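The values are calculated or read from the model by the stated rules, or taken from the named source; none is laboratory data. What you are looking at is a predicted structure, and each value in this text was computed from that prediction instead of being measured. Cβ placement follows ideal geometry from the backbone for every residue including glycine, while neighbour counts extend to all protein chains displayed. The accessibility values were calculated without ligands, DNA or RNA, using every heavy atom of the protein model including side chains. Shrake-Rupley method; radii C 1.70, N 1.55, O 1.52, S 1.80 Å.
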Amino acid sequence: MLASHHLYTAQLFDASAPAASKLNLTAVSSRRSLLFVALGRRVSVYTISHHAQPPVFQRRLTYAQPIPGDEINSITLGRLASDETVVAVYDSGRTVCWKVDAGFPVLWDRPGRVSTWGCAVHEETDAVAISANSHTIMVIRSPHTAPGSSGASSASSASDPAFHADEEFELAGHASNIPCVSFSASGRYLASASIDFSVRIWSTSTKQLLFIFRYSQWCWAVAFVYPFYFMPAAGPPEAAKPDVEAEEHQEEQDDMIDELRSESRTSSQLESEYFEVSADYFDEPQSSDAGSLANEDVQSMPRRAIDHSDDIANGLPDTQSQPTTDADSGSDFENASGPAAAAAATTVAVDPIFVEPTELLEPENGSAILAHPLLLCSTRKDVLLLNPLSSTASEVVVDRVEYAVCRTSRPSLIDLMVFDRITVLEWIPDMAIVIAGSYSGTIAVIKLETLGVSAHSGPQYRMRRLFLLPQKPVNRQLYGVAVYRHPVDTSRFRTITLYIAYLDGQLMAYELFYPEGGDGVYCG
């Protein structure tokens, strides 16, 4: 099965260079063997000469009229108009795109006024999606620099004549900041994860909201995955034991949903991991007296538009009337603001996991590969596998890995009081695994498996955490995760090099591979 081998640990950059509380600030070009690391407002380029040797610094990417004090919040690598590009989004709202070539020219430079955080690139539709602290997503088709322009843009203008696009449109609906956006394989859909406790799917053609999934924790990352690439689960042949494992797994999921639904709808609900929401909409996160709450999720606990009369009578604070705060005082994300969206709504109790609507969401296309997209979502401590083609909570939640990056199955309250979040989800289709990276520095390697086909509910899938990296806990903050995919025409196909960068400048490299004749999962 899957094996892990530690290649090296090296000092990649000066510990004083990076800024804390950002998202994924690393990316890899497997085609050109380059590692990109964002440091402050610059992107540093490192050459990967050999997978077992640390990358070597090559150069820094430049652009016109940098803004003093500006910082990159995340970077991504993709292809636009047949060019491999690296895109950086800035705290000032600026977005800069470089061509991955000998001279690394700036292809376009788009100014902005609101801090940007998430970014995704889709090659076939030549589109870029950018999420901002205005709680909106901007989708840009065929961005480019106007002919005859030098490519320099003035960040003081909201509409610079040097920047052009065939189409720009905005997607609005989230109630708080959006750390991650992700295109589906065909580009037909765009998924977004927000700290308003929701994951959403949008149509990039009709520009309509198609799907909402709400959870009990802030949502930090999201990615489309496709069961065509999942591996069969290990076990007896289906002919000898037809559907037994799938049926048992379904029973486990039904028990999970029953447990959620059995939560009491009283003041104790505020001390629970799960919640109620308004049937109409929901309010922003509200503050509370932390001293009155003794629960493992006190840092990420949502406040919803529910009837608070019982809570107030029991001595709990009236969270509906208090200003918005959150325990993440070290995060650069803005706190949610604005009027309560559900102040006038009729409040009812609904499923703790809440879904709406799905009737417009269809399979991506007729091919076997893209016919039934699933969605991966990461929160503060969990990784969930969702089926957006379903309409009920029990069907939408395909599987869940709780405490995905924790080294014990039920961490203590003290362990969870340090604000953590799983901000990186890297899907490796050829290996049927997902790399989940957390702010606290731990990486979880999760395998996606097909259990079989149930006569009652169709195909059954599950997630299985294989191991954690590093093997021993590290007292370092994660700075970025990047995956080097080895070419398919080499003996190292289905082998990846995993680069884990930390805030102190350390780089740890691991090799993940399927050894021939290997039995089980092991780390070395």
- Task: State whether the residues of the range 15-28 include one that is modelled with pLDDT of 95 or more and out of contact with any Gly (no Cβ under 9 Å at 6 or more places or on another chain).
- Result: yes
- Task: Evaluate the following for Leu466: is it in contact with a Pro (Cβ under 6 Å, 6 or more places away or on another chain) and open to solvent by 20 Å² or more (accessible area, probe 1.4 Å)?
- Result: no
- Query: Cβ-Cβ below 6 Å, separation at least six or inter-chain, first residue in the range 16-43 and part of a loop (DSSP other than H, G, I, E, B), second among the acidic types (Asp, Glu): which pairs?
  - Reply: Ala19/Glu71; Ser21/Asp332; Gly40/Glu71; Arg41/Asp70; Arg41/Glu71
- Subset of the range 19-31 [open to solvent by 20 Å² or more (accessible area, probe 1.4 Å) and within 16 Å of Gly441 (Cβ to Cβ)]: Ala20, Asn24
- Query: If a residue has to be in contact with a His (Cβ under 9 Å, 6 or more places away or on another chain) and under 28 Å from Ala371 (Cβ atoms) to count, how many in the range 187-199 make the cut?
  - Reply: 5
- Within the range 32-46, the count of residues that are open to solvent by less than 50 Å² (accessible area, probe 1.4 Å) and farther than 21 Å from Ala19 by Cα comes to 2
- Take the residues of the range 428-461 that are assigned to a strand (DSSP E or B) and on the phi > 0 side of the Ramachandran plot: which is surrounded by the most Cβ atoms within 10 Å (Cβ to Cβ)? Gly452
- Task: Sort out for me the strands (runs of 3 or more DSSP E) sitting completely within the range 175-216 that have 3 or more residues that are more than 12 Å from the chain's Cα centre (by Cα).
- Result: 198-203, 209-214
- Query: What number of residues within the range 105-122 satisfy the criterion of being among the aromatic types (Phe, Trp, Tyr) and outside any strand (DSSP E or B)?
  - Reply: 0
- Query: Of (1) open to solvent by 20 Å² or more (accessible area, probe 1.4 Å); (2) modelled with pLDDT of 90 or more; (3) touching a strand residue (DSSP E or B) at 6+ places or on another chain (Cβ under 8 Å); (4) not hydrophobic (A, V, I, L, M, F, W, C), Tyr215 satisfies all except one. Which?
  - Reply: (1)
- Message: I need the full set of residues from the range 91-115 which are in contact with a Gly (Cβ under 8 Å, 6 or more places away or on another chain) and open to solvent by less than 10 Å² (accessible area, probe 1.4 Å), in order please.
- Response: Gly93, Arg94, Thr95, Trp108, Asp109, Pro111
- Query: Among the residues of the range 129-147, is any free of Cβ contacts under 8 Å to residues at least 40 places away in the same chain, more than 21 Å from the chain's Cα centre (by Cα) and surrounded by 19 or more Cβ atoms within 10 Å (Cβ to Cβ)?
  - Reply: yes
